[in-house]
Amino acid sequence: MVEVVETDLPGVGKRISLEKLAYGGRFVIIIHNDGRREIYYYRREKDERPIVFSLSDEEARKAGSVLSGAYFTPALVQAIAQTLTPKISVEWNRVPFGSSVSRKTLGALNLRKRTGVSVIAIVRGEKTIPNPSASFTLKDDDLLIVLGSAKGMDRLRKLLSVKLT
C-alpha cells in the first residue's frame, strides 16, 4: 500500500513522498512556493541517485490530469473495469531488485495457493509473456500482471518485498 508522507520545507514549500510503490522505490515531489515542482524518482528504496526533473506549475497540473486519466484511459483498463466485480482486480507488480522470488519458477513459488492471485502475464523489458507456464523463472524487475482479491494482492506485495538475505 502506497504511503504518502508530507513534510513542510520552511521558505521553500512542501515535500510529498510516495513511499512503498507497487513497483518498488519511492517518488518525491517538492512543491515550491512559486508553484515549480521538482520530481525525484528513487528506483530502489535506498537509492542515492534519483532520476530528477522539474516542471512549472502549469506543466505539473497538465501532467497531473494526464496521470489521472483525464486524457486517456487504456482500453484494457476500461474493459477490465467493466468486466470484473468490485472484489476482483488486476494489478501490475514489479519484482524488486533482490526479492526472494527472483530466480524462482512460478511453479516453485506456487503464488496462486500462497497468495490467492493468478499471474496472467509478465512483462520483461520489451517482451510480454501472456499466461506464463509454471516453468517460467522470475527475474529482478519483471512486471507481473496479476488477477485477484485485495487480500491476495496484499499477500503478493508482502511476498515480493521480502529480500534475499
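So the values come out like this:
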item: Computed over the range 3-67, Kirkwood Rh from alpha-carbon pairs, angstrom; result: 12.3 Å
item: Charge sum, other residues only, whose C-beta stays under 10 Å from GLY13's C-beta, Lys/Arg counted +1 and Asp/Glu -1; result: +1
item: For ILE120, residues with placed amide H under 5 Å, excluding near neighbours; result: ILE145, VAL146, LEU147
item: Pairs of Cα atoms farther than 21 Å apart, the range 75-161, %; result: 25 percent
item: Residue exposure sequence - VAL117, VAL162 - by fewest surrounding Cβ within 10 Å; result: VAL162, VAL117
item: Total formal charge among the other residues, if their Cβ is under 14 angstrom from that of ILE31, Lys/Arg +1 and Asp/Glu -1; result: -2
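Read the figures in this text as sums done on the coordinates, not as results from a lab. Predicted model only: the values in this text are computed from it and were never measured. No Cβ is skipped: glycine too gets one built from the backbone with ideal geometry, and neighbour counts run over all protein chains shown.
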